[in-house]
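Here the structure is laid out as structure tokens; the discussion comes afterwards.
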Protein chains: 2
Amino acid sequence: MEHQSVSNLLTVEIKEDITSRNNAQAEVLRQAVKERKVFYLNLMSSPGSGKTTLLTKLIEKLKLSYRIGVIEADIDSDVDAKTIAGTGVKTIQMHTGGACHITWQMSKEALEALVLDDLDVVILENIGNLVCPAEFDTGAAMNLVLLSLPEGDDKPLKYPLMFEAATAVAVTKIDVAPVFDFSRERAVENIRRRNPSAPIFFTSGRTGAGIDELAAYLRKEIEKIKNA
Amino acid sequence: MEHQSVSNLLTVEIKEDITSRNNAQAEVLRQAVKERKVFYLNLMSSPGSGKTTLLTKLIEKLKLSYRIGVIEADIDSDVDAKTIAGTGVKTIQMHTGGACHITWQMSKEALEALVLDDLDVVILENIGNLVCPAEFDTGAAMNLVLLSLPEGDDKPLKYPLMFEAATAVAVTKIDVAPVFDFSRERAVENIRRRNPSAPIFFTSGRTGAGIDELAAYLRKEIEKIKNA
């Protein structure tokens with residue numbers, strides 16, 4: 001343990017071996033799902049950042065063109081799965097029994113339970129957490145990371161791996177911007193420090209802002225896999 | 001793996017062995033800190049729920065009566081530690097190198113670096129996460145768990161262990177209640193399902209609401225340990 005002393009602020013660095021776990025096997029899963037022409041999206045964010053609401057809005061836009069399945073991962077409860085099942089898409093509730101992440105094995109089991117032959121798109125709503133889920137490759141083709149406006153524009157600095165792992169970022173709840181000290185410019189700048197290229201969408205489940213743009217982007221990605 | 005089929009909603013239960021890790025050693029640490037008449041508080045919540053802001057307000061109230069030290073635990077960055085150090089209290093920045101929790105060993109190292117003989121109160125601002133930190137007993141005398149109003153009143157159902165582990169709960173950012181669909185009654189009901197007795201405070205760092213009540217509660221707890 002090293003200490004650095006700067007007046008009344010000490011820094012303690014605790015080095016831990018956080019290895020990329022089973023990434024090779026997740027890659028095999030990713031290729032297998034792609035070969036079956038299924039677009040597999042992993043949705044990650046902190047608790048209460050609007051994953052389920054955004055997902056409901058995206059399903060409304062996409063379900064007329066595609067057969068969608070959803071994997072709802074939770075520590076406990078089935079509140080979200082019931083909401084998603086209410087949209088009519090096939091929904092799997094996965095309970096991790098306390099674990100804060102989804103491994104490629106859990107991901108594979110859930111995909112098998114969904115029956116991929118009947119689907120074009122599978123969306124995994126991961127555990128609400130900005131840390132652990134980013135460490136475990138689920139085998140998804142794409143990671144969509146949400147940054148909830150009320151959480152603040154500094155979160156990409158504090159949870160770097162999550163934003164590094166993002167294929168795309170959606171800032172959510174932009175309708176409440178007037179009551180928060182959140183700067184779009186600072187948010188983009190902080191995301192860019194961790195991720196130079198991920199497209200960034202500004203959305204609101206309540207007003208519908210940005211949902212069409214995000215859905216159009218996802219359509220393109222879905223078509224790439226269908227036409228590969 | 002078991003499946004339950006209810007129309008289009010399947011449930012998959014993944015059993016994992018989440019054992020209570022090193023709780024006996026955390027208990028030894030807790031007793032040792034108490035014997036030195038130091039009140040050790042563990043502050044936990046999800047990312048961006050206002051831990052640092054609340055902490056700054058509590059330090060303002062408590063620092064005239066007590067010598068306070070703060071342990072800032074982060075994956076990365078020292079944004080919060082600089083803010084807290086700005087209040088004048090002794091601050092340790094702990095970087096976990098990716099880990100989403102603080103173990104009793106990390107906790108002990110940080111307490112030693114702070115030098116307990118010079119302090120009455122130590123506050124650990126844990127990693128922003130509603131899952132992992134609750135699994136690891138830090139040896140603190142008390143767990144204060146924050147529930148940020150924008151996250152929604154259903155979070156205690158979805159992150160049960162965190163609310164079970166709470167000695168007290170503070171709902172934060174209540175000043176933005178008018179723009180969110182958050183019910184105090186539902187929040188209390190959901191917390192009570194997981195925790196029958198923890199006192200619940202409704203606070204706002206921006207307006208100062210509830211801060212005096214929470215500070216008064218903490219004073220009582222600090223005095224219990226000083227006078228034990």
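Report the one residue of A:W104, A:N190, A:I75 whose Cα lies farthest in the direction of the positive end of the charge dipole of region A:22-226 (charges on C-beta: Lys and Arg +1, Asp and Glu -1; origin at the Cα centre). Towards the positive end, the residue furthest out is A:N190. Considering helices alone, the calculated mean residue ellipticity of chain A at 222 nm is -10000 deg cm²/dmol, with DSSP H runs of length four and up weighted by -39500 (n - 2.57) and normalised per residue.
Across peptide A:153-162, the mean count of Cβ atoms from other chains lying within 10 Å of each residue's own Cβ comes to 5.
Counted over chain B, the DSSP beta bridges are approximately 15% antiparallel.
Which entries of A:K37/A:K57; A:K155/B:K34; B:K155/B:K226; A:K37/B:K155; B:K51/B:K226 show an alpha-carbon separation above 28 angstrom in the structure shown? Present the calculation step by step, with values, prior to reporting the outcome.
On the way: A:K37/A:K57 23 Å; A:K155/B:K34 34 Å; B:K155/B:K226 34 Å; A:K37/B:K155 36 Å; B:K51/B:K226 25 Å.
Over 28 Å apart, Cα to Cα: A:K155/B:K34; B:K155/B:K226; A:K37/B:K155.
Each of A:L64, A:L214 was scored by other Cβ atoms within 10 Å of its Cβ. Arranged with the fewest first, they read A:L64, A:L214.
Peptide A:66-77 has a mean shielding of 3, counted as Cβ atoms of other protein chains within 10 Å of each residue's Cβ. The angle separating the long axis of helix A:104-114 from the principal Cα axis of greatest extent in chain A is about 30 degrees. Each of B:A32, A:N23, A:A85 was scored by the projection of its Cα onto the charge dipole of the protein assembly as shown, and the greatest displacement toward the positive side belongs to A:A85; charges sit on the C-beta of Lys, Arg, Asp and Glu.
The amide H of A:M94, built 1.01 Å from its N in the peptide plane, has A:E72, A:A73, A:D74, B:V12 as neighbours under 5 Å, considering only residues 5 or more places off or on other chains. When only the Cβ of Lys, Arg, Asp and Glu is charged (+1, +1, -1, -1), the dipole of the protein assembly as shown relative to its Cα centre reaches about 680 debye. Relative to the dominant Cα principal axis of chain A, helix A:23-35 is inclined by about 30°. Shown for A:G88: label points 7 Å from Cα along the beta-carbon vector, and their distances to the equivalent points in the other copies, 6.4 nm in ascending order. If the chain linking A:Q31 and A:R67 were pulled fully straight, counting 0.36 nm for each residue of separation and taking away their Cα-Cα distance, it would gain 11.0 nm. Each of A:E60, A:E135 was scored by other Cβ atoms within 10 Å of its Cβ. Arranged with the fewest first, they read A:E60, A:E135. For the protein assembly as shown, the alpha-carbon radius of gyration amounts to 0.97 times the rule-of-thumb value 2.2 N^0.38 Å expected for a compact globular protein.
Among B:I68, B:I102, the ranking by other beta carbons within 10 Å of each residue's beta carbon, starting with the fewest, stands as B:I68, B:I102.
Remark: label point of A:A209 defined 7 Å out from Cα along the Cα-Cβ vector; separations to the same position in other copies 2.3 nm, ascending.
When +1 charges are put on Lys and Arg Cβ atoms and -1 charges on Asp and Glu Cβ atoms, the dipole computed for chain A relative to its Cα centre reaches about 700 debye.
Laboratory data are not the source of any read-out in this text; all were calculated from the coordinates shown. Everything numeric in this text was worked out from a predicted model, so none of it was measured. Glycine also receives a Cβ, built like all others from the backbone with ideal geometry; neighbour counts cover every protein chain displayed.
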